[in-house]
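Engineer: Just passing along the structure, written as structure tokens.
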Amino acid sequence: MKLKLIVNSLVVMAALLSFTSCDNREQNVTYAPALTENLFQTAEKEGNLTIFTAAAKRVGIDQDLKFLGTYTVFAPTDAAFTAAGITAAAVSTMPIDQLRAVLRNHMLSGRILSTDLAPGPNAVYVTLQREVLNCSFYSNSYFLNAKRVNKTNIRTLNGVLHTIDGVLVPPVNTLTATAATNPNLSFFVAAVNRAGLATALNASTTLLT
């Protein structure tokens, strides 16, 4: 009986030793804390993205950055927005559609770290605004449309935040200006101009979407 108890005790001790040896916490391994803050919360805490977060609130994109999907955001700093003429005051007066287009042009679908970015030159990425960004790597920095990504890989619960030192303004083309670049639509453009309909067509958001 005593022999059996001794054997059982040895088995239990061996199991405990085996479990402990497999536990990395006993080997002084540092574990990264769980990510609990979403993209919008993280942007608010950065301190130099106040215009970006104010714009996101105004157009409702803050809700997307809190709950929906997984995104990579290249957020312009306050200095970048101000240099582009988009101040905190301007955010409150800009047309909603225009402001939303600007913000969506800084967002990509999925979680993309700087190490995942193609070095280019001029590697193509498509934004949520369906515009092309050209990515290149030189002087130890990534550039999107010649704007430098100055802080990278801020990981969040639902994506990755980077900051950028310029505003990636999407190109603005009117319907008639776009049509004029297509030689097959020359008669259409001429007819629109002759009928005096250019202003009405160019103002129609339905036709431009």
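Engineer: Identify all residues within the range 37-57 that are within 18 Å of Thr82 (Cα to Cα), outside any helix (DSSP H, G or I) and among the polar types (S, T, N, Q); write none if there are none.
Structural biologist: Listed by number, the list holds a single entry, Asn48.
Engineer: Continuing with the same structure: Please go through the range 125-141 and give me each residue that is assigned to a strand (DSSP E or B) and over 23 Å from Phe40 (Cβ atoms), ordered by number. Even if it seems obvious, please write down each step before you answer.
Structural biologist: At the first step, the residues of the range 125-141 found to be assigned to a strand (DSSP E or B) are 125-126, 132-138, 141.
If the condition is that a residue be assigned to a strand (DSSP E or B) and over 23 Å from Phe40 (Cβ atoms), then Val132, Asn134, Cys135, Ser136, Phe137, Tyr138, Ser141 are the ones that fit.
Engineer: Looking only at the range 134-147, count every residue that is free of Cβ contacts under 8 Å to residues at least 40 places away in the same chain and either hydroxyl-bearing (Ser, Thr, Tyr) or crowded, with 16+ Cβ neighbours inside 10 Å (or both) and tell me the total.
Structural biologist: First, the residues of the range 134-147 that are free of Cβ contacts under 8 Å to residues at least 40 places away in the same chain: 134-143, 145-146.
Adding the requirement that they be either hydroxyl-bearing (Ser, Thr, Tyr) or crowded, with 16+ Cβ neighbours inside 10 Å (or both) leaves 135-139, 141-143, 145.
Here the count works out to 9.
Engineer: Does Thr93 satisfy being among the polar types (S, T, N, Q), modelled with pLDDT of 95 or more and surrounded by fewer than 19 Cβ atoms within 10 Å (Cβ to Cβ)? I'd like the intermediate steps shown before the answer.
Structural biologist: Values: among the polar types (S, T, N, Q): yes; modelled with pLDDT of 95 or more: no; surrounded by fewer than 19 Cβ atoms within 10 Å (Cβ to Cβ): yes.
No, not satisfied.
Engineer: Filtering the range 64-86 down to residues that are touching a Phe, Trp or Tyr at 6+ places or on another chain (Cβ under 7 Å) and over 12 Å from Val167 (Cα atoms), which residue is surrounded by the fewest Cβ atoms within 10 Å (Cβ to Cβ)?
Structural biologist: Going through the qualifying residues, I end up with Lys66.
The values are calculated or read from the model by the stated rules, or taken from the named source; none is laboratory data. For clarity, every value in this text was computed on a predicted model and none was experimentally measured. Note that we place each Cβ from the backbone using ideal geometry, even for glycine, and neighbour counts take in every protein chain shown.
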